[in-house]
Structures are given as structure tokens and as C-alpha cells.
């Protein structure tokens, strides 16, 4: 019968040996030839062409819808109305996008700073490109939040340009317009 109390000790020793071997700055374990360092994928022209084509494919429906709306408003001689609506949709998107991005990236920076302040250097921060693995989903989620905020552009506009009713409600003594934006 085995002594199962020795298993954690074996793992601890193996981990200590692994970290001692890799403290010399080597990325690869001994016995393997070093990996050739090529250019990063984000410097490749084909990568960016694929990204642009992918974004165009995703936004194709939006482009067609926007262009059709523009043609209709132009035929009715209401270009100013359409441009005002569209500009406020963009402003609401940028507002919600930047707010979500600041919150998510701020959270990442605070968490990273707190971990580094403890004096330990976790293996997570040694992974190459970890910042991009955090930033890319944060930008994507901020984009989703911005798109969700764009649906409420009219309420955003009513909030920014609210008009007081000059009638106070009796309980909290606030203007009625506070509840109606």
C-alpha cells in the first residue's frame, strides 16, 4: 500500500526543480532547441486584412441599414434630422463604450497592482501577451455595452436636454421632470 502523504511533497519538489531550472531566463525547458522568434502576428499584413474583412462582414447589415435610412431621409429633405439622430447615437455609443472600458480596464489595473504589491510574482504575469488576453475581451465587452447603450439614445437625449416642469412633488420636493426624462 502507498503512502499518500508523500504525494504533495513530490509535487512541491518537482515544482521547485522546475522553477530553479527556469530562473535563468530560459523560456524553453532544457533539452529542447530554442524556438525561433518570428514576427508577431499583429505585424502581419494578412492578419489585418482578415480583421478588416471580418469587421466589414459583421457590419454589412448595419452599413446597408444606415445607407437606406440616409437615402430615405434625403428624399424627404430631412437630412438634418437624420444627422442629428445619428450623431447622438454615436455620442451615446462612445459614452457607454468608454465608461465600460474604463471600468473594466481600471478593474484589471487595480487587481494587477494589488497582486504585485503583495511581493509575489504569480505565473500568470509571466505569460507572454497576458495584457492582450485581458484587453481584447474588455474592448469587445465594452463594444457590446456601447451597442446596448446606443439603443437608448433617445432617453439619453431626453436626460441631457431635460426641461423642468416647475412643479414640485409633495414627498421628496423634487421637480416632476426628475421622474419623466
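So for the stretch 76-150, what percent of the C-alpha to C-alpha distances run longer than 19 Å?
The share of Cα pairs beyond 19 Å in the stretch 76-150 comes to 52 percent.
Can you give the extra length, in nm with one decimal, that the chain gains between residue 171 and residue 114 once fully stretched, where that is 0.36 nm per residue apart less the Cα-Cα distance?
Numbers: separation 57, 0.36 × 57 = 20.52 nm, distance 4.49 nm.
Working it through step by step, the gained length comes to 16.0 nm.
What distance in nm separates the two pseudo spin-label positions at residue 90 and residue 77, each 7 Å out from Cα along the beta-carbon direction?
Result for the modelled spin labels: 2.6 nm.
Working from Cα positions, state the angle (0 to 90°, nearest 10) between the long axis of helix 79-117 and the longest principal axis of the chain.
Orientation of helix 79-117: about 30 degrees from the principal axis.
What fraction, in whole percent, of alpha-carbon pairs in the chain exceed 28 Å separation?
Numbers: 9695 of 16290 pairs.
Result for the distance tail: 60 percent.
Taking the Cα atoms only, what angle lies between the long axis of helix 7-22 and the longest principal axis of the chain, rounded to 10 degrees?
Once rounded, the angle reads 80 degrees.
Any idea what angle helix 45-75 forms with the longest principal axis of the chain, computed on alpha-carbon atoms, 0 to 90 degrees, nearest 10?
10
Given the peptides 89-101, 143-155, arrange them by the average over their residues of other C-beta atoms within 10 Å, most packed first. It would help to have the intermediate numbers written out before the result.
Working: 89-101: 17.2, 143-155: 15.5.
Ranking, from highest mean packing down: 89-101, 143-155.
Pairs of Cα atoms under 8 Å, at least six residues apart: use those to get the relative contact order of the chain, whole percent. Present the calculation step by step, with values, prior to reporting the outcome.
Numbers: 79 pairs, mean separation 31.3, N = 181.
It rounds to 17 percent for the chain.
In a GNM of the chain with a 10 Å cut-off on Cα contacts, which of 125, 73, 156 has the highest mean-square fluctuation?
125
For the stretch 147-173 and the stretch 45-80, what is the separation of their C-alpha centers, rounded to whole Å?
Going from one Cα centre to the other spans 31 Å.
I'd like the FRET efficiency for residue 14 and residue 105, computed as 1/(1 + (r/R0)^6) with the beta carbon distance as r and R0 of 35 Å, rounded to 0.05.
On the way: r = 37 Å, r/R0 = 1.04.
Result of the calculation: an efficiency of 0.45.
Can you tell me which of 16, 80, 69 moves the most in a GNM of the chain? Springs connect C-alpha atoms under 10 Å apart.
Greatest mean-square fluctuation among the candidates belongs to 16.
Readers should treat all values here as calculations from the given coordinates under stated rules, not as data from a laboratory. Since the structure is predicted, the reported quantities are computational estimates derived from the model, not experimental observations. With ideal geometry, Cβ positions are generated from the backbone for all residues, glycine too; neighbour counts draw on all protein chains shown.
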